[in-house]
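Colleague: The following block contains the structure, expressed as structure tokens.
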Amino acid sequence: MHSVDAKRLVLAHFWVAFAAFFLALLLGEWQMYIRSPLRDWIGNPELYYRAVTAHGTAMGYVFPTLVAMGFGYAIVELSLKQAIVGRRWAWLGFWLVVLGTITAMIPVSMGLATVLYTFYPPLIGNPFYYIGVVLVVVGSWIWVGSMSVNLYVWRKANPGATVPLPMFANLAGAYLWAWTSLGAAIEILFQILPVALGFKSTIDAGLARVFFSWTLHAIVYFWLMPAYIAFYTLVPRAIGGRLYSDKMARISFVLFLVFSMPIGIHHLFQDPQVGSGVKFMHAVFTAMVSVPTLLTIFTITASVEIAGRLRGGTGPFGWLNKLPWQNPMMLAVAFSFILLGFGGAGGLINMSYQLDFAVHNTQWITGHFHLIFGGAIVIMYFALAYDLWPHLTGRALVAGRLMRTQLWTWFVGMIVLTFPWHVVGILGMPRRMAYFDYSHPELAAQAVTVIITFFGGLMLVFSGLLFILVLLRGHRSAPITLPAFTFSRAVHEGGRMPAALNGYALWLALMVGLSVVNYGYPITQLIFLEQTSVPAVPVGEQP
């Protein structure tokens, strides 16, 4: 990378992200222990919900946002071959995220904002929790602006050139986040904060849930952008292959821009304030968002096959044996695809208007999003950190066996954690419940599944500890001289890139247009309906 300051900037983002991740991991395991029959109930459900709020907020807002920001700054220097423009602004964005995290977590730890990470009204927490979330979002918006400015500077210096794939994908993620975070920002600034600050005593909870759904599902695709960038731009190079198609990669990222937004109301299938026609439309577009994922699975599988054949693999499946299974990146992408397959299959149930009724707000949902985010996405965060670390520290990352053990324990632990959740979800076990009386005949048979998930969580904590250990050892290992960092090369390089796959105007217009179509009617209808507000319930005063 071009400068020591740029490396410090990226490392600062990564280390705060991974610290938040590990603390949230410990909180998650504590919650499973508390819910399990392995010990007596602690007697105070509020302590449990504090942990759930802190766990979800750190994992959902802080950890992936900082990973995307840090990886984005690295991509600017490594793919555009230019120093980061506006590093002072970049540091400001970072410190706003840190300040926002602290500001939000203090009231949560004091029991003043146990609203869970979805913070659904009419339950209202301490205003500093929401102010903290806003600061995190504002810090991330500075990153979005920084990515746009850096691409603008590069385009001026390289008129007519094809934007490198890593940067093209990076900007797609940034623009998606800027647009999807708007929903929660509107909800907090114009609905929740006036109540939390004492200016109002009522809130339109139905409208607030619609605004939050604007963010609620599309945020998942912001989480997965760094993982998908790693799929396309790191995996083929790391395993000695070539990217099957640069164009197909770009199509996948722009389709995420188009289809990620107009789908969030499938989270409100049970909510009466939204009509069935709008729900049906969101169900259809939820199915459409599988298209870029299926394109990705095909393209990356083809790229991995190319690597196996370049290593001497023959026949229909002989290339599988030739793949570098000792390489952490190879393990990570294989594990990620398996977890993505299971999680995606569960997603087909969630997006179905009829089937969602069977699993809504059960442990099935918890299992589904842990498979997608905690499994398929986070395991690629590990892999991209392992890939970048030597270039950020100038030191060797030599703990190959430890890295493989870490990835294996995360993969197995995630399966042991989430599969029982799917089983008890089908049986009707509700999620977000602080306590279960397993002596009851109807619940006694489910006790063993909860114990299994506890031990799956222990494996994840062990894996997370190994991850931190590997990175720390990387800072203490021998200095090395590295060749210039390279991203994956496509099978067919060069040639003219279609304008639509070298810019964002068309796709941003479609993203905004579809969002307005799919959200405009329910939002407008709810705004003009009379007598829809209900009394707000401050934390601590709920029955």
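The values are calculated or read from the model by the stated rules, or taken from the named source; none is laboratory data. Since the model is a prediction, treat every value here as computed from it, not as a measurement. Note that each Cβ is placed from the backbone with ideal geometry, even for glycine, and that neighbours are counted across all protein chains shown.
Colleague: Quick test of your reading of the structure: residue 508 fulfils all but one of (1) under 30 Å from residue 243 (Cα atoms); (2) surrounded by fewer than 16 Cβ atoms within 10 Å (Cβ to Cβ); (3) touching a residue at least 40 places away in the same chain (Cβ under 8 Å); (4) within 25 Å of the chain's Cα centre (by Cα). Name the failing condition by number.
Modeller: Against the list (1) under 30 Å from residue 243 (Cα atoms); (2) surrounded by fewer than 16 Cβ atoms within 10 Å (Cβ to Cβ); (3) touching a residue at least 40 places away in the same chain (Cβ under 8 Å); (4) within 25 Å of the chain's Cα centre (by Cα), residue 508 comes up short only on (2).
Colleague: Continuing with this model, one more query. Sort through 15, 91 and tell me the only one that's under 21 Å from residue 145 (Cα atoms) and touching a helix residue (DSSP H, G or I) at 6+ places or on another chain (Cβ under 9 Å).
Modeller: 91 is the lone residue from the list that is under 21 Å from residue 145 (Cα atoms) and touching a helix residue (DSSP H, G or I) at 6+ places or on another chain (Cβ under 9 Å).
Colleague: Looking at segment 189-238, which of the residues that are within 25 Å of the chain's Cα centre (by Cα) and β-branched (Val, Ile, Thr) is nearest to residue 176 (Cα to Cα)?
Modeller: This residue is 219.
Colleague: A further question on this structure: So residue 162 passes all but one of these: (1) of a type in the set (S, T, N, Q); (2) under 19 Å from residue 13 (Cα atoms); (3) not in a helix (DSSP H, G or I). Which condition number does it fail?
Modeller: Condition (2) is where residue 162 drops out.
Colleague: A follow-up question, please. If we only count helices (runs of 4 or more DSSP H) wholly inside segment 399-504, which ones have 2 or more residues that are β-branched (Val, Ile, Thr) and at pLDDT 95 or above?
Modeller: So the answer is 400-426, 447-476.
Colleague: Suppose we keep only residues that are in contact with a strand residue (DSSP E or B) (Cβ under 7 Å, 6 or more places away or on another chain) and of a type in the set (A, V, I, L, M, F, W, C) within segment 460-490. Which one would you say is surrounded by the fewest Cβ atoms within 10 Å (Cβ to Cβ)?
Modeller: The extreme case among them is 478.
Colleague: Hey, another quick one. Do the conditions hold for residue 201, that is, is it out of contact with any Ser or Thr (no Cβ under 8 Å at 6 or more places or on another chain), polar (S, T, N, Q) and either crowded, with 23+ Cβ neighbours inside 10 Å or over 25 Å from residue 285 (Cα atoms) (or both)?
Modeller: Yes: the conditions hold for residue 201.
Colleague: Just one of 261, 225 is part of a loop (DSSP other than H, G, I, E, B), buried (at least 22 other Cβ atoms within 10 Å of the Cβ), of a type in the set (A, V, I, L, M) and out of contact with any strand residue (DSSP E or B) (no Cβ under 9 Å at 6 or more places or on another chain); which is it?
Modeller: Of the residues listed, the single one that is part of a loop (DSSP other than H, G, I, E, B), buried (at least 22 other Cβ atoms within 10 Å of the Cβ), of a type in the set (A, V, I, L, M) and out of contact with any strand residue (DSSP E or B) (no Cβ under 9 Å at 6 or more places or on another chain) is 261.
Colleague: For segment 30-81, give me each residue that is among the polar types (S, T, N, Q), in a helix (DSSP H, G or I) and surrounded by fewer than 23 Cβ atoms within 10 Å (Cβ to Cβ).
Modeller: Result: 31, 79.
Colleague: Further question: Can you find, within segment 100-128, the residue that is farthest from residue 45 (Cα to Cα) among those that are free of Cβ contacts under 8 Å to residues at least 40 places away in the same chain and part of a helix (DSSP H, G or I)?
Modeller: Only one residue fits best here, namely 100.
Colleague: Any residue at all in segment 45-63 that's at pLDDT 95 or above and within 26 Å of residue 488 (Cβ to Cβ)?
Modeller: Checked segment 45-63: at least one residue is at pLDDT 95 or above and within 26 Å of residue 488 (Cβ to Cβ).
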